[in-house]
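Engineer: First the structure, which I've put down as structure tokens, then a few questions once you've had a look.
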Amino acid sequence: MNRSGNQDAMRAKRRLFLSLTLLVVCGALGALIWTSFSGSLVYFHTPTEIRETGAAKAGQKVRIGGMVQEGSLVKEPGTLKIRFLVTDGQNTVPVLYDGMTPDLFREGQGVVVEGPWRPGEALIASSILAKHSEDYIPVEMTPEGIAKSKESLLRSLQ
Amino acid sequence: MWIEIAHFATIIALLLLLVQTIAPIVGVGLGRPVWIRVARQASFTTAFLLTLAIVGVVVSFLNHDFSVKYVAEHASRSLPLFYLTTALWGGHEGSLLFWAWLMALFSALAVAWHWSTHPRSIPWVLSILGALGFGFLVLVLFLSSPFERLAEPPFDGRDLNPLLQDPGMVFHPPFLYMGYVGFAIPFAFAIAALINGRITDEWILATRRWTLFSWAMLTTGIVFGAYWAYYELGWGGYWAWDPVENASFMPWLVGTALIHSVMVQERRRMFKTWNLFLIITTFALSLLGTFLVRSGVLSSVHAFASDPGRGVTILIFMAVVLLFSFGLLVLRADRLRGEVHLESPFSMEAAFLFNNLFLVIAGLTVLLGTLYPLAVETLGNAKVTVGAPYYNKVFIPIMLGILILMGLGPLLVWRGDKGSRLLRTLMLPVVSGIAGMGLAFLVFAIDHPYGVATVGLAFFVIHAHGLDFIQGIRKRMVNAKEGPIQAGMTLIGRNKRRYGGFLVHFGVLMMAAGFVGSGLFQEEKNLVMAQGDFVVIGPWRLEFEKLVEIEGNNWKAQEAIIQVNGPAGKLTLHPQKRVYRDHQMPTTEAAIFSGLREDLYIVLGDPVTDTTWAFRVYRNPLVSWIWNGSGLMALGILWALMQGRRPVKTRE
């Protein structure tokens, strides 16, 4: 009687120990995910949005999507430095970039640039993503596409 | 003609799948086995009909039948024969048909193999697989038909996406699909067990090979994808945490958890509910993968051919599957209570428990990062991406945790060990691990804590596995009076699952080395060179000899001839910039020299002036270890697959 009581107590102790370990591990992983998550979100804007609300984003890493404005691309001779305007039809944002551009990058093409936003200056892009030609266009690539997919998704959820 | 045959065959298959779904229910309800045999015949016939449908589409491609819309959109007269065949899964219409075909094939095989061994489950398995196949064919026939004709056929097709005209991309999708669809069989057996209320180990034993096979296919598919991204996209990396990549990674993570926790149920009859949960989740994530890739709701660099309408249908399909399976699980909860409890935190069971915890949380991490932008975009107005830094920050610690458990695994015993004895067993491997860290820091000059930790843990894991093997040999030498080599061979031969698993673990270690090497020590140089210029990067000297124009079947390219002098001797590398005729879309063909120590990776850019071109050169340390490691994993799985059923031990 006494012995089995003892065993029960041991078992309860082990179970407590195990639950505590599980709790601690889960908590640590949760905290890890939470802290990394909030620090790694990159917001995606159109030039108009960044012009309107941009001051609030000062110093943050942002993504700006739009078209490379025709006639705005300037290359510094002999180097890989380029300068161009990203436009959404209403506003433009100047962008500086130093490095090799992706295969599809050219004037009139859709583009996503990413870098820290400093209002009043050009965006110093740390990366450029060119959008694929329209055959393979993911919905992201056009504002209408995004609107359409959102609409249909919302409709289906109602 | 052929496309009509294919279309007709698919329609009949749809009807037969309805029969396959309903007949077994009637058969069980009325107690008339003949109905179940009808369902079996329906399943075989469906497999045949869908094979015919696939043949019909492929023949249309081979005949350049551009009056078929799907063919016109994904092929051209100049497309090489090989890609003409594989264009079948170049777009989503064909992909879905391909998926349905695999499903029918696997169903028929499963029914044939398990018919006499699992008579109680088979009716339900038939019914569930029938319903799943039916759902997919509805999608194929009513929402994305590859059988549509064009009223005015063009003379030539639009050609296959240049990025898909590559061997890596040809193998990547079918392997992924085989993995996804393969998980449907264990899923069906699990649901069958839930329905007929006999929730024993039967479904796990019946489907062990299916699970391993599907997992191996999924692994291979993911690695093929990474390999393709590495050499075809020309950005020097192999994994970008793109939503579409994540889509296949999530079922992989949960599937890996399943493979491990199944062992606990076999040996200790624990984790019953958990295993059911895992297989349902794995399969649901496979469906989610299809939804994410094929729906277009996710902005992704390679979400080919997307359509929101289809996405909604897949979403509904998925919701039905999820509600049905989890509902069933809840209904049967009373029968699932385990009679065995965890006895000690220092036991194999506990190690598996934590292994599962880590893997499932890893899966959740990816799910959160993948779906969060979608949720924000749908519900709010902001657009947001969750970048690679998030995944890297979360993933590396989780993976290191898994490596610790991997090393502990062979040292722990079922039911638990005394703390003091465990400490004695642990001592040497831990010393080995510390030595490994020292070696990493002092000899290899790795100064990043994660790098040092990985090397140390690799030593720990290898030592632990070696120790286990040597102990096994010793035991056999005493018990069976065999020589050491003989004993080792018998051990490996008799215990294919265990040592196959060990091999997989070594493969994982090799891959980890590759990730650490390329992740922490990649060196990149952007430069501009004229003909005759040279550049030195690390031990390599690269000379830009000349630029030539070359031409392929349906493309033209500028190709740089680069003379390389380095640790591998003299080499000539040919980075290209290709333009495919029908798509004014340049693609990069990186030139790669792949070595054991590092890859030399050259990308040709645009002309900067009339006589100079941009180049990007990378030194990618240990990248080949990733591919070789995955090969080792495949070998390990193959070995484990060769072991038949293990009789259930009733007592330890």
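Engineer: Take the residues in the stretch B:133-165 that are at pLDDT below 90, assigned to a loop (DSSP other than H, G, I, E, B) and surrounded by 20 or more Cβ atoms within 10 Å (Cβ to Cβ); name whichever of them is nearest to the other protein chains (Cβ to nearest Cβ).
Structural biologist: Result: B:N161.
Engineer: Now a separate question. Evaluate the following for B:L287: is it within 30 Å of A:V111 (Cβ to Cβ), in a helix (DSSP H, G or I) and at pLDDT 75 or above?
Structural biologist: Considered against the rule, which asks whether it is within 30 Å of A:V111 (Cβ to Cβ), in a helix (DSSP H, G or I) and at pLDDT 75 or above, B:L287 comes out as no.
Engineer: Select from the stretch B:631-652 the residues that are surrounded by fewer than 22 Cβ atoms within 10 Å (Cβ to Cβ) and among the small types (G, A, S) and write down the one among them that is modelled with the lowest pLDDT.
Structural biologist: That would be B:G644.
Engineer: Give me the helices (runs of 4 or more DSSP H) completely within the stretch B:1-110, filtered to those with at least 2 residues that are more than 28 Å from the chain's Cα centre (by Cα) and over 16 Å from B:L137 (Cα atoms), ordered by residue number.
Structural biologist: B:2-30, B:33-62, B:69-74
Engineer: Look through the stretch A:59-91, keep the residues that are part of a loop (DSSP other than H, G, I, E, B) and more than 14 Å from chain B (Cβ to nearest Cβ), and return whichever of them is farthest from B:R616 (Cα to Cα).
Structural biologist: The residue in question is A:Q90.
Engineer: Now, a different point. Applying the selection to the stretch B:190-234, what residues are surrounded by fewer than 21 Cβ atoms within 10 Å (Cβ to Cβ) and without any contact (Cβ under 8 Å) to a residue 40 or more places away in the chain?
Structural biologist: B:T200
Engineer: When residues of the stretch A:13-58 are filtered for being more than 9 Å from every other protein chain (Cβ to nearest Cβ), under 30 Å from B:E349 (Cα atoms) and open to solvent by 70 Å² or more (accessible area, probe 1.4 Å), how many remain?
Structural biologist: Summing the residues that are more than 9 Å from every other protein chain (Cβ to nearest Cβ), under 30 Å from B:E349 (Cα atoms) and open to solvent by 70 Å² or more (accessible area, probe 1.4 Å) in the stretch A:13-58 gives 6.
Engineer: Same structure, new question: State whether one or more residues within the stretch B:541-553 are over 26 Å from A:Q109 (Cβ atoms), in contact with a Leu (Cβ under 6 Å, 6 or more places away or on another chain) and away from every other protein chain (no Cβ under 14 Å).
Structural biologist: Checking the stretch B:541-553: not a single residue is over 26 Å from A:Q109 (Cβ atoms), in contact with a Leu (Cβ under 6 Å, 6 or more places away or on another chain) and away from every other protein chain (no Cβ under 14 Å).
Engineer: While we're here: Could you list, in sequence order, the residues of the stretch B:54-95 that are in contact with a Pro (Cβ under 9 Å, 6 or more places away or on another chain) and among the hydrophobic types (A, V, I, L, M, F, W, C)?
Structural biologist: Those that are in contact with a Pro (Cβ under 9 Å, 6 or more places away or on another chain) and among the hydrophobic types (A, V, I, L, M, F, W, C): B:V57, B:F66, B:V68, B:V71, B:A72, B:F82, B:L88, B:W89.
Engineer: Taking the conditions exactly as written (open to solvent by less than 10 Å² (accessible area, probe 1.4 Å) and either free of Cβ contacts under 8 Å to residues at least 60 places away in the same chain or basic (K, R) (or both)), does B:A75 satisfy them or not?
Structural biologist: Answer is no for this residue.
Engineer: Can you tell me which residues in the stretch B:472-511 are of a type in the set (S, T, N, Q), in a helix (DSSP H, G or I) and surrounded by 13 or more Cβ atoms within 10 Å (Cβ to Cβ)?
Structural biologist: Within the stretch B:472-511, B:Q486, B:T490 meet the criteria.
Conditions (1) out of contact with any helix residue (DSSP H, G or I) (no Cβ under 6 Å at 6 or more places or on another chain); (2) assigned to a helix (DSSP H, G or I); (3) under 22 Å from A:T35 (Cα atoms); (4) at pLDDT 85 or above, marked per residue:
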site	(1), (2), (3), (4)
B:G311	no, yes, no, no
B:H341	yes, no, no, no
B:A350	yes, yes, no, yes
B:N355	no, yes, no, yes
B:V366	no, yes, yes, yes
B:N392	yes, yes, yes, yes
B:L405	no, yes, no, yes
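Engineer: Identify, from the list B:F171, B:F187, the residue that is within 23 Å of the chain's Cα centre (by Cα) and surrounded by 24 or more Cβ atoms within 10 Å (Cβ to Cβ).
Structural biologist: Being within 23 Å of the chain's Cα centre (by Cα) and surrounded by 24 or more Cβ atoms within 10 Å (Cβ to Cβ) holds for just one of B:F171, B:F187, which is B:F187.
Engineer: If you check B:M399 against the conditions, is it more than 14 Å from every other protein chain (Cβ to nearest Cβ), in contact (Cβ under 8 Å) with a residue 12 or more places away in the chain and either open to solvent by 50 Å² or more (accessible area, probe 1.4 Å) or outside any helix (DSSP H, G or I) (or both)?
Structural biologist: No: the conditions fail for B:M399.
Engineer: Please work out which residue is surrounded by the fewest Cβ atoms within 10 Å (Cβ to Cβ), limiting yourself to the stretch A:59-114 and to residues that are small (G, A, S) and within 24 Å of B:V384 (Cβ to Cβ).
Structural biologist: Applying the filter and picking the extreme gives A:G59.
Engineer: Same structure again: From B:L426, B:L467, B:L457, which residue is out of contact with any Phe, Trp or Tyr (no Cβ under 7 Å at 6 or more places or on another chain), open to solvent by 20 Å² or more (accessible area, probe 1.4 Å), at pLDDT below 90 and part of a helix (DSSP H, G or I)?
Structural biologist: On inspection, the qualifying residue turns out to be B:L426.
Engineer: Inside the stretch B:520-544, can you point out the residues that are free of Cβ contacts under 8 Å to residues at least 24 places away in the same chain and either within 35 Å of the chain's Cα centre (by Cα) or assigned to a strand (DSSP E or B) (or both)?
Structural biologist: Hits for the stretch B:520-544 are B:F534, B:V536, B:E543.
Engineer: If B:L405 meets every condition in (1) in contact with a Pro (Cβ under 9 Å, 6 or more places away or on another chain); (2) farther than 27 Å from A:V112 by Cβ; (3) crowded, with 21+ Cβ neighbours inside 10 Å; (4) within 12 Å of another protein chain (Cβ to nearest Cβ) apart from one, which number is that one?
Structural biologist: Looking at each condition in turn, B:L405 falls short on (1).
Engineer: Filter the stretch B:16-71 down to residues that are open to solvent by 70 Å² or more (accessible area, probe 1.4 Å), over 23 Å from B:A192 (Cβ atoms) and without any contact (Cβ under 8 Å) to a residue 60 or more places away in the chain, then give me how many there are.
Structural biologist: 2
Engineer: With the requirement that a residue be within 28 Å of A:T48 (Cβ to Cβ) and facing chain A (nearest Cβ under 7 Å), what does the stretch B:370-396 give you?
Structural biologist: Passing the criteria: B:E377, B:T378, B:A382, B:K383, B:V384, B:T385, B:V386, B:G387, B:P389, B:Y390.
Engineer: Report, by residue number, each residue of the stretch B:237-273 that is buried (at least 20 other Cβ atoms within 10 Å of the Cβ) and at positive phi.
Structural biologist: B:F271
Engineer: I would also like to ask the following. Taking the conditions exactly as written (within 13 Å of another protein chain (Cβ to nearest Cβ) and within 35 Å of the chain's Cα centre (by Cα)), does B:V623 satisfy them or not?
Structural biologist: No.
Engineer: When only residues in the stretch B:581-594 that are more than 9 Å from chain A (Cβ to nearest Cβ) and over 25 Å from the mean Cα position of the chain (by Cα) count, which is nearest to B:N554 (Cα to Cα)?
Structural biologist: Filtering the stretch B:581-594 for residues that are more than 9 Å from chain A (Cβ to nearest Cβ) and over 25 Å from the mean Cα position of the chain (by Cα), the one nearest to B:N554 (Cα to Cα) comes out as B:R581.
The values are calculated or read from the model by the stated rules, or taken from the named source; none is laboratory data. It should be emphasised that the depicted structure is a prediction, and the values quoted were computed from it without experimental measurement. With ideal geometry, Cβ positions are generated from the backbone for all residues, glycine too; neighbour counts draw on all protein chains shown. Note: accessible area is taken over every heavy atom of the protein model, side chains too, but ligands, DNA and RNA are not part of it. Shrake-Rupley method; radii C 1.70, N 1.55, O 1.52, S 1.80 Å.
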